[in-house]
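Some notes on the structure that comes next.
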Amino acid sequence: MIRLQAFQTAAREGGFVKVSESAEGNVLWLRKTAPDTVSETHQRMCIDSLTNSVTVYWMAPPGTVNSKTFRVVTTLQEWFKLSPVARVQR
């Protein structure tokens, strides 16, 4: 559970806010407060306590949905530091 708290802290620091939580409390959905500069859509994040992971979803040109899953908090934090263009190309 500590890892999930660390993911939530990193998400807030990365500009995400809580949207909803599953009834069982094992999945937390967040949304980026500001739209992505490339796609002008809000990124979404799912923190999953069953898999101890975080998945970030975003729109990439030409309208496809991309995602990236993280199992380590520091990797998520490093990814946040990348420019939006670098994220789209990955």
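The values are calculated or read from the model by the stated rules, or taken from the named source; none is laboratory data. As the structure is a prediction and not an experimental result, all values here were calculated from the model. Neighbour counts run over all protein chains shown; Cβ positions are idealised from the backbone, glycine included.
Applying a threshold of 8 Å to beta carbon distances and a minimum spacing of six or more residues, or different chains, the list of pairs starting in the range 48-67 at a residue that is under 22 Å from Ala10 (Cβ atoms) and ending at one that is small (Gly, Ala, Ser) and at pLDDT 90 or above reads Val54/Ala11; Thr55/Ser67; Val56/Ser67; Tyr57/Ser67; Trp58/Ser67. If you go through the range 66-79 and pick out every residue that is of a type in the set (A, V, I, L, M) and touching a strand residue (DSSP E or B) at 6+ places or on another chain (Cβ under 6 Å), you end up with 1.
For Ala34, the test of being surrounded by fewer than 13 Cβ atoms within 10 Å (Cβ to Cβ), under 14 Å from the mean Cα position of the chain (by Cα), farther than 16 Å from Arg71 by Cα and of a type in the set (Gly, Ala, Ser) is passed.
Being within 14 Å of Phe80 (Cα to Cα) and assigned to a loop (DSSP other than H, G, I, E, B) is the requirement here; does Ala23 meet it? No; evaluated as a whole, the condition is false for this residue.
Annotation note: of Asn52, Asn66, the sole residue that is at positive phi and not charged (D, E, K, R) is Asn52.
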